[in-house]
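The values are calculated or read from the model by the stated rules, or taken from the named source; none is laboratory data. In this text the structure is predicted, and so the values were computed from the model without any measurement. Cβ placement follows ideal geometry from the backbone for every residue including glycine, while neighbour counts extend to all protein chains displayed.
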Amino acid sequence: MSQAGRIRLVFLMGLVGFLELICRMGWVSSISLAPPTQILVSAYKLILSGEIRYHAFLTFSTVAGAILSALIVGFLMGLALHKWPLVRRFLDPFLAGYYSLPTFVFYPFFIVMFGLNRLPLMAIGFIFAVVAVALNTLSGLQRVPRVWLRTAQMMRMSRIDTIRKVIMPAAAPYLFTGLKLAIVYSFIGVIAGEFILSGAGLRFQIAFSYNSFETAKMYGYLAILLTLVGGLNLYIYAREKRIYERRGGR
């Protein structure tokens, strides 16, 4: 483990110990915060009971649909913007101010379009993530060194080989950034949507536990959700690091 990693570990252990202390000493209300040990016990019981499986499946299947659709459509959008500069110049003002829009105002429209099911939540996650993927795809394609493309032409590489062996590796850092943003934004959209109108899912269970004053259970759900999302991000980071190492650490 690196020195920075050891410092982070010590800091987290100290923070957990401090939270345990102030909870056990009664310095904070048990309604507001539960001791970390009690949270871990609650999370463990939720996993053993199987209570979380159905809601976790609903949440993660919805998020997976939002991520997959955002990656496909966003990549095609970025490719189109790169191929047609006139379209890119026309859309630049709209793309620049896209995330200033109150995206959740479209939720009633999605309910009318798709009905009272998981599709409106998936659509919210999709519109949160798709533009981030498109912009990072565009940035990656624009930063492919021209000399690499000329070298591929000189070596008489086919179009498919040029894309697979030259363009995609060169654009990989930006494509991975788009993937990580798609994961983050899709989770934000779906989780926030579950909090507002959904009758099932992890965020609904968190809100239900909060309203029922089941503090430890609420934080147990939060701990499980954060662990799953953090584990997914660590996996993406590990895959990205392996690709960089294959490129000589660049």
Exercise. Is region 210-224 home to any residue that is modelled with pLDDT of 80 or more, in contact with a helix residue (DSSP H, G or I) (Cβ under 6 Å, 6 or more places away or on another chain), under 24 Å from VAL133 (Cβ atoms) and not hydrophobic (A, V, I, L, M, F, W, C)?
Worked result: no
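Do we find that GLY178 is among the small types (Gly, Ala, Ser) and more than 26 Å from ARG89 (Cβ to Cβ) in this structure? Quick ask: steps written out before the conclusion?
Details: among the small types (Gly, Ala, Ser): yes; more than 26 Å from ARG89 (Cβ to Cβ): no.
Criteria not met by GLY178.
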Seminar exercise, completed: Result of the Cβ filter at 7 Å on region 187-200, keeping first residues that are within 14 Å of LEU58 (Cβ to Cβ) and partners that are at pLDDT 75 or above and of a type in the set (D, E, K, R), at least 6 apart or interchain, is ILE191/ARG203; GLU194/ARG203; PHE195/ARG203
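Looking at region 64-89 only, could you name the residues that are of a type outside the set (A, V, I, L, M), without any contact (Cβ under 8 Å) to a residue 24 or more places away in the chain and part of a helix (DSSP H, G or I)? Quick ask: steps written out before the conclusion?
Pass one, region 64-89, residues of a type outside the set (A, V, I, L, M): 65, 69, 74-75, 78, 82-85, 88-89.
Now restrict to residues that are without any contact (Cβ under 8 Å) to a residue 24 or more places away in the chain: 83-85, 89.
Matches in region 64-89: LYS83, PRO85, ARG89.
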Exercise. Any chance region 42-49 includes a residue that's on the phi > 0 side of the Ramachandran plot and either in a loop (DSSP other than H, G, I, E, B) or not hydrophobic (A, V, I, L, M, F, W, C) (or both)?
Worked result: no
Exercise. For region 1-41, what are the residues that are of a type in the set (S, T, N, Q), assigned to a loop (DSSP other than H, G, I, E, B) and surrounded by 12 or more Cβ atoms within 10 Å (Cβ to Cβ)?
Worked result: SER30
Exercise. Considering ILE160, ILE191, ILE224, ILE206, which residue is among the β-branched types (Val, Ile, Thr), loosely packed, with under 14 Cβ neighbours inside 10 Å and either at negative phi or in a helix (DSSP H, G or I) (or both)?
Worked result: ILE160
Exercise. Which pairs have Cβ atoms under 7 Å, sit 6 or more apart or on different chains, and link a residue in region 155-172 that is over 17 Å from GLN142 (Cα atoms) to one that is modelled with pLDDT of 80 or more?
Worked result: none
For this session: Please enumerate the residues belonging to region 81-111 that are surrounded by 11 or more Cβ atoms within 10 Å (Cβ to Cβ) and among the hydroxyl-bearing types (Ser, Thr, Tyr).
Result: TYR98, TYR99, THR103, TYR107
Problem set entry | Members of region 117-165 found to be more than 22 Å from ARG88 (Cβ to Cβ) and of a type in the set (A, V, I, L, M), listed by number | LEU119, LEU121, MET122, ALA123, ILE124, VAL147, ALA152, MET154, MET155, MET157, ILE160
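Within 26 Å of the chain's Cα centre (by Cα) and of a type in the set (Val, Ile, Thr): is that true of VAL73 in this structure?
On the way: within 26 Å of the chain's Cα centre (by Cα): yes; of a type in the set (Val, Ile, Thr): yes.
Criteria met by VAL73.
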Seminar exercise, completed: Of those in region 128-157 that are buried (at least 18 other Cβ atoms within 10 Å of the Cβ) and touching a Phe, Trp or Tyr at 6+ places or on another chain (Cβ under 7 Å), the residue farthest from ILE191 (Cα to Cα) is GLY140
